[in-house]
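The values are calculated or read from the model by the stated rules, or taken from the named source; none is laboratory data. Note that the coordinates shown come from a computational prediction; the quantities given were computed from them, not determined experimentally. Methodologically, a virtual Cβ is constructed for each residue, glycine included, from the backbone with ideal geometry; neighbour enumeration extends over all protein chains shown. Each accessible area value is taken on the protein alone, full model and side chains, heavy atoms only, with ligands, DNA and RNA left out. Shrake-Rupley method; radii C 1.70, N 1.55, O 1.52, S 1.80 Å.
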Amino acid sequence: MKPYHSFVSILLVSITMFMSFNVIAQSNSSSVPFKITANYENGELYLKCNSGCAWSDLSFTLDDSGNAQFINELGMTSKKDEQKVNPNLDHFLFSFQKSGTRIKCESMLGTDWDQLDFSCTELSCRAIIDKSGVIVPNKTVPNK
């Protein structure tokens, strides 16, 4: 009878340790949520990542040609480009595209939104983009 009790005891201790290590590993892999400030001036989009990215500043031209520029937590990328996931960063992929006086964003992954846009009727405008949507100072743009 003793060998059976030893086996059960070892099994229970092993399961408990495995579950404890799993919980610790999950808590250590929590990523920092991303927050990006976008400034649009004279056809140029300037991005500043305040948190959750490996990059701090990006800029690129947006015109009415319909070409989209994709970004992720590592910087400028393409829709097809797969990147390694860094557990210390938010994993996201979305694009920017200009259409008239609006900047459109389409999310592929890592956000609570699929598509959103914000208006740039002036020569310049500013928006804050995060996992839950976009905020244009003095305006709130609903998630779509």
Describe numerically, in nm with one decimal, the distance between label points set 7 Å from Cα along Cα→Cβ at residue 51 and at residue 37.
1.5 nm
Under 15 Å, Cβ to Cβ, from residue 34 - net charge with Lys/Arg +1 and Asp/Glu -1:
-2
Anchor residue 35: aspartates and glutamates whose Cα lies under 20 Å away (excluding residues fewer than 8 positions away in-chain):
44, 57, 73, 90, 106, 112, 114, 117, 130
Mind ranking 71-79, 59-67 by how tightly packed they are, going by the mean number of other C-beta atoms within 10 angstrom, highest first?
71-79, 59-67
Mind listing the Cα extents of the stretch 90-134 along all three principal axes, in Å, largest one first?
32, 17, 12
I'd like to check one number: the per residue accessible area of the stretch 57-107, probe 1.4 Å, reported in Å² as a whole number.
55 Å²
Of the cross-linked pairs 98/131; 80/131; 104/131, which ones have a Cα-Cα span greater than 18 Å in the structure shown?
98/131; 80/131
